[in-house]
Each structure stands twice: as C-alpha cells, then as structure tokens.
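Since the structure comes first, as structure tokens, the remarks are kept for the end.
The values are calculated or read from the model by the stated rules, or taken from the named source; none is laboratory data. On a predicted model such as this, the values are computed, not experimentally measured, just so you know. Here the Cβ positions follow ideal geometry from the backbone for every residue, glycine too, while neighbour counts run over all protein chains shown. Remember, those area values only see protein heavy atoms, side chains included, never the ligands or the DNA or RNA. Shrake-Rupley method; radii C 1.70, N 1.55, O 1.52, S 1.80 Å.
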Amino acid sequence: MTISADHPPLHPTLEQPTGDAASEAVRKFGITVEDYMLPARHQIQMVDPEGQLKADTEQGTEPGHEYPVPGDAELMAAYEQLVIGRRVNDQNSALVRQGRMAVYPSSHGQEACQVAAALCLADGDWMFPTYRDSVAVMARGVDPVQTMTIFRGDWHGGYDPAKHKVGIQCTPLTTQLLHAVGVAHAAKLRGEDTVVLAMCGDGATSEGDFHEALNFAAVFHLPVVFFVQNNKYAISVPLAHQSVAPSLAHKAVGYGMAGERVDGNDVVALLAVLDRAVKLAREGSGPLLVEAQTYRMQAHTNADDATRYREDSEVAEWLAKDPISRMRIYLTDRELLDDDGASRIAAHAEEIATQLRRGLGEDVPVDAQDLFRHVFAVPTAQLKEQAAMLADELARETSAEQAAK
C-alpha cells in the first residue's frame, strides 16, 4: 500500500516557487532551499570552553543560520538545571552502587543537551526522551523520584506521560522516534499547536526506525524536531564505524528537511538553535534535525567498562569542555551569577539529591501478580493460568515457612 501526503514536493530553488511551507521559510531568510536545509559549514558555538562569548563572525553562523543570544532569565534557569542535573547524575551513580537502583545510564557531561531540550518547549509540546535523558525529564517538571522509578526495576515507568507530555524513557533503541512522529501526526490532524521534540543518540541513527520516523515526518510535513546527541559512541562502537557522512546533521537533507549542528556542551548555543528549530516547526516549516556534538564522560551504564574501548586522554580532552564550568564563568563575568546565587542553586540541587536518596531508599511492596495484571486489558487464558500457578506456588511457600516456625 502506498501512502502519500497532500502537500506539494519541495522544489530545488527559489526560482521555482511552490507555496510549500519550507520554501516560505527560506524566503524569510533570503537564501536558497539548499542553504536552508544543509547545516552551516561549521558547528554553532556561541560560548567557548573558557566561558567567553565569541564574536558573531566566529560563532559558525551563516545567512539563514544566525542565532541571537537567549535572554538572561532563560540562561539562569538553564544554569540551575545544569547544576541539578550534574548532582542527580552523581547521586544516581552512588545509588546504583548501594543497590537502590538496578541500572543508571548517566548523562554526566551531556547535561547541557538535556537542559536545553526541556527548556525550548512550551507547556503544550511533547518530548520523547531516550533512556539517558533523565535530566531532561526532570527539567520538564517530572518528580525526581518518579523519573528514576524505572531504573529501580519497577513494572511501570514512574510517571504519567499524558500529564507531563513526556514519553516514558525506553530501552529499545529508537522506538521513541516513531512514537514522537505519531503524536505529531495526531496533533496536526487535530489542528493543535503542538511541537514534538524527539531525542536520540548517534547510535540510533543507524537504526531502521530512525529512517522511518524521519521519512514519515518529512513526507507528512510534521512539527517534529529530531534532536541527536552525538556523544561519539553507541555503547562501545565509535561514530566512525557507524557513518561516514560529513555530520549526522547532513542526513537531514536526504529527507528534505533542514539540519543544523551545534556544540552540545554550549548551553547558550543549544538554547538558541533549539529555540529557533521549535519556532520554525510551530510556524509550519516542517520537521528539522539538530545534531549536538557532546561526550559521555562516564561509562554507558554501571554494567559497562569504558576503558576497554576509549583512552583516558580522550576523556581528559572533553573534561576541559565541561558545560557547567563554561556556563558558570560566562554568567559570572556578566554579573548574572554571584556567590550567593551559586550557593542557593547548589543547595537546591542538594535538596533534590536528598529527595532521591529518601525516595529510592524506601522498600516498595512487591505484588507478584503485577507481572500479569497489566499485560493485556483483558487477560488471555494462558495468562490467567500462569497467574494462578504462581499464586498457588507462593501460597505453598508461605504455608511451608509458617509451618517451619
């Protein structure tokens, strides 16, 4: 069966006007369709690793790819979430070692991507995170303990996706992109003013679901921003063994959408690029792809030994690009952050860490029937039989224990 969209195809030049929304967006920037869709020749970086604002001519911008510095309030909110995110990452790693969490994929070093992803969205927008995006989920307003419930091995995701407009973090690679596109398609059919942010890593771009999601979003001209956090490794597989494209952002043009690449450790640039991407998607320019160049400072999860596939010197190189110290210097130099403000933010982060220790330190009653209760709305005969067998076995064990006392 062939499915086709109602909108006309994207013509290659502005000399062939089509009325297509992407062409209208191009006209606003005064550039060609190709220059609109292709990422800027250099990644967008506004604040360098030393915390200094770069000159406009050195930020990697080009006509149609210019980005204003976000407002002070947005930058301060981002810094606070950065500090909270780092404290949460480190606290969760400790909770894993204490046996309070089964597993935790840390985003230590990637907090700028996480924070910008949450802050660029309006209340009515949706975000679909990966398993590594807990900091983004929290920054979107989800309770910290509820966010981490999934990592203690519970049967449910911990929070209500519809309430927060945040998809449940999923372990299967890239499936969340299909969910994101489905929500965006439904929103468009309903006439809703909704933008969907679909998050993934560089490894996800090697999956078939990535192709299907981007192709569907482009063909049906959906308001989706695909946000790729390129942290250089798909578990242990380096990017060079996944793709030889000039960048992952260049993949966008193959689907007929705009792409951009940005320094993923520069929260100022991330906010600027994602803010505009969301704005363009909301205005009807169709889907966009943003690639953030970042780095996973810690192992893939607590079950991974990163020293087997990367050198300490590589990690040290990225340590010097830390997003938090970069932002702290930038805000301090601009006199937006002082010692009192930094202390208040650190204290708030510590309160959340304490909340996590208390919440995840509580023993949760286990009901074995939950294994069967939520598999189907109407249990199958086999499921009922299995549930009854387990209930009988547990009852006999309990009787034996009581008899032995």
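Each label point was placed 7 Å from the Cα along the Cα-to-Cβ direction; for E212 and E401 their separation is 4.4 nm.
For the chain, the longest principal axis of the Cα atoms and the long axis of helix 72-97 meet at an angle of about 30 degrees. So what's the angle, to the nearest 10 degrees on a 0 to 90 scale, between helix 323-333 and the longest Cα principal axis of the chain? So the inclination is approximately 60 degrees. On the beta carbon distance between E335 and T57, with R0 = 25 Å, the FRET formula returns roughly 0.50.
Given their separation in residues at 0.36 nm each and the Cα-Cα distance between them, V315 and K188 gain 41.4 nm when the chain is fully extended. The gain in end-to-end length when the D160 to A381 segment is fully stretched comes to 76.6 nm, 0.36 nm per residue minus the alpha carbon separation.
With r as the distance between the Cβ atoms of E283 and R97 and R0 = 51 Å, compute the FRET efficiency 1/(1 + (r/R0)^6) and round to 0.05. Approximately 0.60, to the nearest 0.05.
Within the accessible area of the chain, what % is carbon and sulfur when the probe is 1.4 Å and the other protein chains stay in place? That fraction is 53 percent.
Remark: segment 57-114 carries 36 Å² of accessible area per residue (probe radius 1.4 Å; ligands, DNA and RNA excluded). Using the Cβ of V103 as centre and a radius below 13 Å, the other residues enclosed give a net charge of +2, where K and R count +1 and D and E count -1.
Take the Cα coordinates of the chain, assign each an equal point scatterer, and use the Debye formula without solvent to give log10 I(q)/I(0) at q = 0.08, 0.11, 0.13 Å⁻¹. These q points yield log10 I(q)/I(0) values of -0.47, -0.84, -1.12. The charge dipole of the chain, taken about its Cα centre with unit charges on the Cβ of Lys, Arg, Asp and Glu (plus for the first two, minus for the last two), comes to roughly 660 debye.
What does a probe at E393 reach in segment 371-386, counting residues whose amide N is under 20 Å from the point 7 Å along Cα→Cβ? 371-376, 380-386, by backbone N distance to the label point. Pairs from the table (K165/K321; K163/K384; K251/K321) lying more than 29 angstrom apart at Cα are K165/K321; K163/K384.
Relative to the longest principal Cα axis of the chain, at what angle does helix 267-283 sit, 0 to 90 degrees, rounded to 10? So the helix axis and the longest Cα principal axis differ by about 80 degrees.
Based on the alpha-carbon set only, what is the convex hull volume of segment 112-255 divided per residue, in Å³?
Numbers: hull volume 16.0 nm³, N = 144.
Spelled out: Cα convex hull of segment 112-255, divided by residues, is 111 Å³.
Viscosity 0.890 mPa s, temperature 25 °C: what is the translational diffusion coefficient of segment 139-209 from Stokes-Einstein with a Kirkwood Rh over Cα pairs, rounded to a whole number of µm²/s?
Here the translational diffusion coefficient equals 180 µm²/s.
Based on alpha carbons, the Rg and Dmax found for segment 249-405 are 26.0, 73 Å.
Estimated at 0.36 nm per residue, the fully extended path between E50 and R308 surpasses their Cα-Cα distance by 89.8 nm.
Based on the alpha-carbon gyration tensor of segment 193-273 and its eigenvalue square roots a ≥ b ≥ c, which shape applies: rounded if a/c is under 1.5, prolate if not and a/b is larger than b/c, or oblate? Verdict is oblate for segment 193-273.
A Förster radius of 35 Å, combined with the Cβ-Cβ distance separating K28 from H374, puts the computed FRET efficiency at roughly 0.10. When each of the peptides 237-243, 134-140, 101-107 is scored by the mean number of other C-beta atoms lying within 10 Å of its residues, the order from highest to lowest reads 134-140, 101-107, 237-243.
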